[in-house]
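I have placed the structure first, in the form of structure tokens, so that the comments after it can refer back to it.
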Amino acid sequence: MPARTLLLTAMAMLAFAGNSLLCRLALKTTQIDPATFTSLRLLAGALMLALLLRLRTGSTTSAGSWSGAAALFIYAAAFSFAYVNLDAGVGALLLFGAVQISMLLWGWRQGERPEPMSLAGLLLAFAGLLALLLPGASAPPLAGSLLMLIAGIAWGVYSLLGRSAGDALAATTGNFVRSVPMALLLSMVLLHRTSWDLNGVLYALASGALASGLGYAIWYTAITQLKAIQAATVQLSVPIITALAGGLLLGESLSLRLGLSSLAVLGGIALVLTARQRASA
């Protein structure tokens, strides 16, 4: 892998992990509520992406769709409300596990035949998520876990819709712009629960403009130089990065249960990807 591509890929993975860390940091240490965080994140992302689109093409004409925007909004809203109670590492594992599994299931539904290794990998990943969610002293809150799984499924749908979107930057810009009114409507419905402070606002803006807008733009640049198997596999590093950073920066515990569940989920998905690579060889 060329050094430039490696650097861009690493930056993108750090940005993806940064979304989890910034959201958890904001909701844990500041007064901002999840609906306001969601609105500010999507608004900042839309502005950053529109700026990048303007710099690249000289125009702010975007693409995207309302269905893509709806999936993006559901992901962002469920993501924020889930992180009210979830640790950053647990949330990232549930998110990326749900994303990968939902996309794999969709592919099989469309006629992709699962090989024995792929089926074993999917079952192992499912078992890892179930083991994490089973009742126990170190089990994450169920409501937050279910919300994060919904966020992961929504992001999987958003990714699948993006396959036929054409220009990735233009489509993402359009989807972000369309999602802003949805987020503002949510904030209006929950106006009686609105709260914020300067630090919370800054974290939300950084999540939207840097970790989301700029991070996605960097990823779209890197992904053109990666094989599909590389692009899928490298994203498995995000929950690990997030868990380690959450332990160092937020004082979150790295439990044995989380470690074993992470190995099962990420190892299972890696088995699926390996089987795909062998099948296409």
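The values are calculated or read from the model by the stated rules, or taken from the named source; none is laboratory data. Small disclaimer: the values here were computed from a predicted structure and weren't measured. Because the Cβ atoms are built from the backbone with ideal geometry, glycine has one as well, and the counts that use them run over all protein chains shown.
With (1) under 24 Å from Ala222 (Cα atoms); (2) assigned to a loop (DSSP other than H, G, I, E, B) as the list, and Gln31 as the residue in question, which single condition is left unmet?
Failed condition: (1).
Residues to consider are Leu244, Leu236, Leu273; find the one that is at pLDDT 80 or above and out of contact with any Lys or Arg (no Cβ under 8 Å at 6 or more places or on another chain).
Numbers: Leu236 fails: at pLDDT 80 or above; Leu273 fails: at pLDDT 80 or above.
Matching residue, one of Leu244, Leu236, Leu273: Leu244.
Which of the residues belonging to region 65-90 are surrounded by 24 or more Cβ atoms within 10 Å (Cβ to Cβ), outside any helix (DSSP H, G or I) and not hydrophobic (A, V, I, L, M, F, W, C)?
Tyr83, Asp87, listed by residue number.
Quick grid of which residues meet (1) more than 15 Å from Ser207 (Cα to Cα); (2) touching a residue at least 12 places away in the same chain (Cβ under 8 Å); (3) in contact with a Pro (Cβ under 6 Å, 6 or more places away or on another chain):
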residue	(1), (2), (3)
Leu7	yes, no, no
Ala12	no, yes, no
Arg24	no, yes, no
Thr36	no, yes, no
Leu42	no, yes, no
Ala50	yes, yes, no
Leu53	yes, yes, no
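So, Leu122, is that one modelled with pLDDT under 90, of a type outside the set (Ser, Thr, Tyr) and touching a Leu at 6+ places or on another chain (Cβ under 7 Å) or not?
Answer is yes for this residue.
Which pairs turn up if I take residues in region 151-163 that are on the phi > 0 side of the Ramachandran plot and look for partners that are part of a helix (DSSP H, G or I) and at pLDDT below 80 with beta carbon separation below 7 Å, at least 6 apart in sequence or on another chain?
Correct list of pairs: empty, since none qualify.
Go through (1) touching a helix residue (DSSP H, G or I) at 6+ places or on another chain (Cβ under 6 Å); (2) within 23 Å of Phe81 (Cβ to Cβ) one by one and return the number of the condition Gly64 breaks.
Among (1) touching a helix residue (DSSP H, G or I) at 6+ places or on another chain (Cβ under 6 Å); (2) within 23 Å of Phe81 (Cβ to Cβ), the lone unmet condition for Gly64 is (2).
Kindly evaluate Thr61 against the criterion of being part of a helix (DSSP H, G or I), among the hydroxyl-bearing types (Ser, Thr, Tyr) and more than 14 Å from Thr242 (Cβ to Cβ). Quick ask: steps written out before the conclusion?
On the way: part of a helix (DSSP H, G or I): no; among the hydroxyl-bearing types (Ser, Thr, Tyr): yes; more than 14 Å from Thr242 (Cβ to Cβ): yes.
Considered against the rule, which asks whether it is part of a helix (DSSP H, G or I), among the hydroxyl-bearing types (Ser, Thr, Tyr) and more than 14 Å from Thr242 (Cβ to Cβ), Thr61 comes out as no.
Across region 91-108, what is the total count of residues that are over 16 Å from Ile241 (Cβ atoms) and among the aromatic types (Phe, Trp, Tyr)?
The total comes to 2.
Quick check on region 241-251. Is at least one of its residues under 17 Å from Cys23 (Cα atoms) and in a loop (DSSP other than H, G, I, E, B)?
Taking every residue of region 241-251 in turn, at least one turns out to be under 17 Å from Cys23 (Cα atoms) and in a loop (DSSP other than H, G, I, E, B).
Test each condition in (1) farther than 22 Å from Leu248 by Cα; (2) modelled with pLDDT under 95 for Ser20 and report the one that comes out false.
Status for Ser20: all satisfied but (1).
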